[in-house]
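One structure is given here, and the rest of the page talks about it.
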Amino acid sequence: MSAGVYRYTARSVDGERVQGSMEAASVEAVLSRLRTRALYATAVDCETALARTLGRPLGLGAPTRRSLLAFFRSFSTLIRAGVPMRRALEVTIERAADAVLRESLRSVLAEIEQGSALSDALARRPRTFAPLYVAMVRAGEAGGILDDVLERLAAFLERDADLRKKVRSALAYPAIVVSAALVLVLFLIARIVPMFAQMFDAFHIDLPASTQLLLAAGAALQAPGTWIAGATAVAALVIGLIVAARTARGAVVVDGVRLRLPIVGPLLRKAITARIARMLATLLRSGIELVSAIEVVRPVAGSARYAEALGSVAASLRAGDPLAVTLDATNFFDPLLVALVRVGEETGLVDEMLLKIAAYFETDVEAAIATLGAVLEPALIGMLGVVVGFIVFSVFIPLYSLIGSVSK
């Protein structure tokens, strides 16, 4: 069988059931690596292309960010306290609650016992450990400051997780309100409005265009074919976006649309800018040179559009241009970021300036989140009021005319 990702089920010498995945050239290679870890395979299957296509966007087969944060925090604390790496990994494996992470760490421990470097063992598991983690660990090993690098990595993950949580919390409220409003409107059109249709037909009332449109929508929503067609269209749209996002150009286009959304777009741009600045600062302080740091950040920037811009920056840096000039030439990065980076280059403190940039934009995101609810709440309520008012107006205007004609 060809090289790929293999999922396996095995038993330990104690009879414990173990599941996981690994990249290998063949089933025989998987079995050999499992035997070196005293595991006896009961099933080995090659992961299909469909599973990879759907699993990666959905995060299937990868540990949670919270579990990774807990691992790096506890691991850095143990290493800094002087605990040998082998014992530190054993402790973190015992504490790991995520099954995927626990199995990956068992594989890492087995390779370290066979003489592999920690960074090489992590690099063989890209689904679990991002290039950012591998690059920082490799830099820490090379400089003999693994404990310091792990501490910086854990601190970065904590700040990143906190920022993500705040952004998601800010966007959850409008999403819930819009969903509830959509359900309410569909219920009114599909169930309540058709009740008046028979009454209007019985009295042969001349209906205004808005009422006719509303009654036609209500009749359409009562037909099963409408719901089937709607579900099919939504599914096709979602699948189309996923497929498009998996192509280089499609991902840039989809991400560009996301970043241009009103209200949400500026918030995302600030959060991504803060994340990139903090990642670059963390990598530079770990001893990684600038171009390599940018190449590491690109795939984990969280935005295809920003990753494309960073690619242009890296190419210009290789040609000998200053960082601030290359950032400004993209016409994409915030002018404040460009100005502070220029000051950092003049003073030789680029990493410190990047940390200040990250802190500024993180504070800006928090301020934007604080005012987001105050701005969106009246807007959403007003939008819902307009829609419900249109429905009420369309139904009760002809009903009022009917009551008036009957009373005469």
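Taken together, the values in this text are just the output of simple stated rules run on the coordinates, not laboratory data. Remember, it's a predicted structure, so these values are computed and weren't measured experimentally. Cβ placement follows ideal geometry from the backbone for every residue including glycine, while neighbour counts extend to all protein chains displayed.
What's the FRET efficiency of Glu90 with Glu23 using the Cβ-Cβ distance as r and R₀ = 30 Å, to the nearest 0.05?
E between Glu90 and Glu23, to the nearest 0.05, is 0.80.
Please give the contour-minus-distance gain from Ala202 to Arg65: 0.36 nm per residue of separation, less the Cα-Cα distance, rounded to one decimal in nm.
Here the answer is 43.2 nm.
Test of understanding: extend the Cα→C-beta vector of Arg260 to 7 Å, then name every residue of region 308-344 with backbone N under 17 Å from that spot.
Counting backbone N atoms under 17 Å from the label point, the list is 308-309, 331-333.
Rounded, prolate or oblate for region 270-329? Axes are the square roots of the Cα gyration tensor eigenvalues, ordered a ≥ b ≥ c, and the cut-off for rounded is a/c under 1.5.
It is oblate, given that a/c is not under 1.5 and a/b is not larger than b/c.
Lys166: which aspartates and glutamates have alpha carbons under 19 Å from its alpha carbon, excluding same-chain residues fewer than 8 sequence positions away?
Of all the aspartates and glutamates, those that pass the test against Lys166 - Cα under 19 Å, at least 8 places apart if same chain - are Glu158, Glu362, Asp364, Glu366, Glu377.
What ranking of Arg17, Arg7, Arg33 emerges when the number of other C-beta atoms within 10 Å of each C-beta is taken as an exposure proxy, fewest first?
Lowest count first: Arg17, Arg7, Arg33.
With r defined as the distance between the Cβ atoms of Ser32 and Ala130 and R0 fixed at 30 Å, what FRET efficiency is calculated, to the nearest 0.05?
About 0.65, to the nearest 0.05.
How would Lys270, Lys165, Lys356 line up from fewest to most surrounding beta-carbon atoms within 10 angstrom?
Going from least to most buried by this count: Lys165, Lys356, Lys270.
May I ask you to compute the full-extension gain from Val185 to Arg249, defined as 0.36 nm times their residue separation minus their alpha-carbon distance, rounded to one decimal in nm?
19.4 nm
Quote to one decimal, in nm, the extra length available between Ile192 and Phe332 on full extension: 0.36 nm per residue of separation minus the C-alpha distance between them.
That pair, Ile192 and Phe332, stretches by 45.5 nm at full extension.
Just from its helices, what would the mean residue ellipticity at 222 nm be for the chain, if runs of 4 or more DSSP H residues each count -39500 (n - 2.57) and the sum is divided by every residue, rounded to the nearest 500 deg cm²/dmol?
That comes out to -25000 deg cm²/dmol.
Given that just one value was derived from the coordinates, which of (i) 79, 23, 19; (ii) 36, 22, 21; (iii) 52, 31, 19 is semi-axes √(5λ) of the Cα gyration tensor in Å?
Looking at semi-axes √(5λ) of the Cα gyration tensor in Å for this model, the match is (iii).
Between Val183, Val252, Val365, which gets the highest mean-square fluctuation from a Gaussian network model of the chain, Cα cutoff 10 Å?
Val183
Name the shape class, rounded, prolate or oblate, that the alpha-carbon gyration tensor gives for region 151-194, where a ≥ b ≥ c are the square roots of its eigenvalues, rounded holds for a/c under 1.5, and otherwise prolate holds if a/b is larger than b/c and oblate otherwise.
It comes out prolate by the Cα gyration axes.
Roughly what would the spin-label model give for Ser169 and Ala220, points 7 Å off Cα along C-beta, in nm?
4.1
Top mean-square fluctuation among Leu267, Leu349, Leu290, Gaussian network model of the chain, C-alpha springs under 10 Å?
Among Leu267, Leu349, Leu290, the largest GNM mean-square fluctuation belongs to Leu349.
Could you run the Karplus curve 6.51 cos²θ - 1.76 cosθ + 1.60 with θ = phi - 60° over region 184-190 and give me ³J(HN,Hα) per residue in whole Hz, x for Gly and Pro?
Values, residue by residue: 4, 5, 4, 5, 4, 6, 7 Hz.
Is region 65-157 best put as rounded, prolate or oblate by its Cα gyration tensor, with a ≥ b ≥ c the root eigenvalues, rounded for a/c under 1.5, and otherwise prolate when a/b is larger than b/c, oblate when not?
It is rounded, given that a/c, with a ≥ b ≥ c, falls under 1.5.
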